[in-house]
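Inspection log for the structure reproduced underneath, given as structure tokens.
The values are calculated or read from the model by the stated rules, or taken from the named source; none is laboratory data. In this text the structure is predicted, and so the values were computed from the model without any measurement. Quick reminder, even Gly has a Cβ in these numbers, built from the backbone with ideal geometry, and neighbours come from all protein chains shown. All accessible areas refer to the heavy atoms of the entire protein, side chains included, with ligands and DNA or RNA removed. Shrake-Rupley method; radii C 1.70, N 1.55, O 1.52, S 1.80 Å.
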Amino acid sequence: MNAMKATKAAKTTATATSARRPLIAIPARFSATTSALRYAAEVNASALIEAVWRAGGEPATVHPYAPDGTCDPAEVAARLARFDGVLLPGGGDLAPRRYGAGTAHEAVYDVDDEQDAFDLETARQALALRLPLLAVCRGLQVVNTALGGTLHQDMGGPGREHRHVTHPVSLTPGSAVAGIVGGDKAEASCYHHQHVDRLADGLTVTARAMDGTIEAVESAAPAGWFVAVQWHPEDTASSDPAQQGFFDALVREAGPRPSPRRGARL
């Protein structure tokens, strides 16, 4: 009987080990204050964390280390190599100089050099390592900028910007986003006043809003799993399976791999 129990326990342990949650790196956002802490904090949105957890992933907030607005690419690559996937979340605006703009529009807000440098290098290295990558809102803009694209700094204020709105977006048939949602339309919960201006080489548009705004991009050629949306799927993921599907897809792609991810580039 003891031998049978030992065998059963061993099988249970093996099952638990094989079911290890894929580790998903999520760069933190700097916060000047939080209600539960006495000092400045590094945070991520609860809805985002919970969506990754529901999908079966282990969300891990990563410290955005980039002193003086610079970071070592090799160090970022080494840090990311221990993860199974990456999620680039929303946040404040990128510094316009990061995409070659000479001046900043008055509506640009919450710029942080350290945050920018780390997010941009994270995007480059995640793509180079072919780590599954989901980018949300600012995250989409980060990837586009990291690959040489530019941003339109402001959409023109109330009535034109996509802040506090949920609106339909049209998806490209056969795209990853269409496959995730299960159709050619989606209801997108948005909070952004900027959008892609010049699309970076290597990317293709796979969703647009009715006003023509680019709402999703993917890799133009097979180079690992990468999806970026300009909206916030986490806002409605708890009640909308189509939006939860983005996190399910990330975690699924971050599962066991047949070969190591080394040296691949977009």
Worksheet item: How many residues, within the stretch 75-102, are of a type in the set (D, E) and either in contact with a helix residue (DSSP H, G or I) (Cβ under 7 Å, 6 or more places away or on another chain) or within 21 Å of L199 (Cβ to Cβ) (or both)?
Response: 1
Worksheet item: If you go through the stretch 188-216, how many residues are in contact with a Phe, Trp or Tyr (Cβ under 9 Å, 6 or more places away or on another chain) and not aliphatic (A, V, I, L, M)?
Response: 8
Response to the item:
Within the stretch 94-105, restricting to residues that are free of Cβ contacts under 8 Å to residues at least 40 places away in the same chain and not basic (K, R), the one that is most open to solvent (accessible area, probe 1.4 Å) is T103
Discussion item. Of the residues S18, S31, only one is at pLDDT below 95, closer than 25 Å to D110 by Cα, surrounded by fewer than 14 Cβ atoms within 10 Å (Cβ to Cβ) and out of contact with any Cys (no Cβ under 8 Å at 6 or more places or on another chain); which?
Written reply: S31
Practice prompt. Residues being open to solvent by 50 Å² or more (accessible area, probe 1.4 Å) and under 23 Å from R252 (Cα atoms): count how many of those fall in the stretch 106-129.
Written response: 1
Discussion item. I'd like to check something: does the stretch 175-187 contain any residue that is farther than 25 Å from G245 by Cα and open to solvent by 20 Å² or more (accessible area, probe 1.4 Å)?
Written reply: no
Worksheet, complete the sentence: Within the stretch 47-62, the residues that are open to solvent by less than 80 Å² (accessible area, probe 1.4 Å) and either under 16 Å from the mean Cα position of the chain (by Cα) or under 21 Å from F118 (Cβ atoms) (or both) are A47, L48, I49, A51, V52, A55, G57, E58, P59, A60, T61, V62
Practice prompt. Filter the stretch 101-127 down to the residues that are of a type in the set (G, A, S) and at pLDDT 95 or above, then identify the one that is farthest from G56 (Cα to Cα).
Written response: A117
Practice prompt. Give the stretch 15-41 a look and list any residue that's part of a strand (DSSP E or B) and under 24 Å from S189 (Cα atoms), or say none.
Written response: I24, A25, I26, P27, R29, F30, S31
Fill in: Test: G157 is at pLDDT below 95, small (G, A, S), open to solvent by 10 Å² or more (accessible area, probe 1.4 Å) and under 21 Å from L94 (Cα atoms)
yes
Worksheet item: Just checking, how many residues over the stretch 70-93 are over 17 Å from V43 (Cβ atoms) and either at pLDDT 95 or above or open to solvent by 60 Å² or more (accessible area, probe 1.4 Å) (or both)?
Response: 16
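Are any of the residues in the stretch 40-61 among the hydroxyl-bearing types (S, T, Y) and modelled with pLDDT under 85?
For the stretch 40-61, residues among the hydroxyl-bearing types (S, T, Y) and modelled with pLDDT under 85: absent.
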Worksheet entry | the stretch 130-152, residues that are open to solvent by 30 Å² or more (accessible area, probe 1.4 Å), at negative phi and in contact (Cβ under 8 Å) with a residue 60 or more places away in the chain | L147
Worksheet item: When you look at T213, is it without any contact (Cβ under 8 Å) to a residue 60 or more places away in the chain, buried (at least 19 other Cβ atoms within 10 Å of the Cβ) and over 25 Å from N44 (Cβ atoms), yes or no?
Response: yes
